[in-house]
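See below for the structure under consideration.
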Amino acid sequence: MKATHLFVGTVCSLFALIIALPSPVLAGRYVINQSPETLSEYFGEPINISESKNGAIYTYSSFELREFLPQFKNVNLSVLYVNSRAKSISFNLNGEANAEEEFDLATISRFYNYIFGYQPSIFKRLARQFSGNETIATYQYCLGDGVAASFTLGGYKQFLSGGVDLFYESKCEPPYVNLKD
């Protein structure tokens, strides 16, 4: 009888441990440094593939992305692959006229959530570089878990120009000791 109780207790403990472990969906998904085949499982088959000087750019359907970012009507999702590995993920505005509406760190957070399946763990500015004048600047933010975002704001209203790129940055790896205050 004691052996049965021990067995049942062990099985119940193992079951509880398995349930407590995060599932791949809850823990997010791996995107950076993945193959086009893997990302097709997340974003569907690419609707366009083009070559650039840096690698291949795959454009994916942006229907679901527009649900995450409803203020951007003409946005598309693209991934730059170098040697068949994802190096950066972008949402591009395609010259959208109303791009100045509602762009803030919450927009980047929604994009990050769409790509990785969870919210960014931190928002820490890495860089700000002015280009030409004081109203156009390119920003880089650390979002945690090895991911950084880059985007350009311009004009007196600081509207988004071009889009947002997510990419790997070693400074953004936990425990974030390489980040300056």
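The values are calculated or read from the model by the stated rules, or taken from the named source; none is laboratory data. It should be emphasised that the depicted structure is a prediction, and the values quoted were computed from it without experimental measurement. Positions of Cβ are backbone-derived with ideal geometry, glycine not excepted, and every protein chain shown enters the neighbour counts. Heads up: the accessible areas ignore ligands, DNA and RNA and are worked out on the full protein's heavy atoms, side chains in. Shrake-Rupley method; radii C 1.70, N 1.55, O 1.52, S 1.80 Å.
Only one of the listed residues (Asn92, Asn178) is touching a residue at least 40 places away in the same chain (Cβ under 8 Å) and of a type in the set (S, T, N, Q). That residue is Asn92. So Thr59 passes all but one of these: (1) under 24 Å from Glu173 (Cβ atoms); (2) part of a strand (DSSP E or B); (3) among the polar types (S, T, N, Q). Which condition number does it fail? Every listed condition holds for Thr59 apart from (1). Close Cβ contacts (under 7 Å, 6 or more residues apart or on different chains) running from residues in region 113-135 that are in contact (Cβ under 8 Å) with a residue 12 or more places away in the chain to residues that are of a type in the set (Lys, Arg) and open to solvent by 40 Å² or more (accessible area, probe 1.4 Å) comprise Phe116/Arg29; Gly117/Arg29; Leu126/Lys171. Just one of the listed residues (Val79, Val31) is modelled with pLDDT of 90 or more, under 26 Å from Tyr118 (Cβ atoms) and part of a loop (DSSP other than H, G, I, E, B), and it is Val31. Considering only region 39-55, I want to know if a residue exists there that is within 22 Å of Leu105 (Cα to Cα) and either touching a Ser or Thr at 6+ places or on another chain (Cβ under 8 Å) or open to solvent by less than 30 Å² (accessible area, probe 1.4 Å) (or both). Within region 39-55, not a single residue is within 22 Å of Leu105 (Cα to Cα) and either touching a Ser or Thr at 6+ places or on another chain (Cβ under 8 Å) or open to solvent by less than 30 Å² (accessible area, probe 1.4 Å) (or both). The single condition among (1) touching a Ser or Thr at 6+ places or on another chain (Cβ under 7 Å); (2) of a type in the set (Gly, Ala, Ser); (3) closer than 21 Å to Asn113 by Cα that Ser88 does not meet is (1).
Just one of the listed residues (Asn54, Asn74) is over 17 Å from Phe91 (Cα atoms) and part of a loop (DSSP other than H, G, I, E, B), and it is Asn54.
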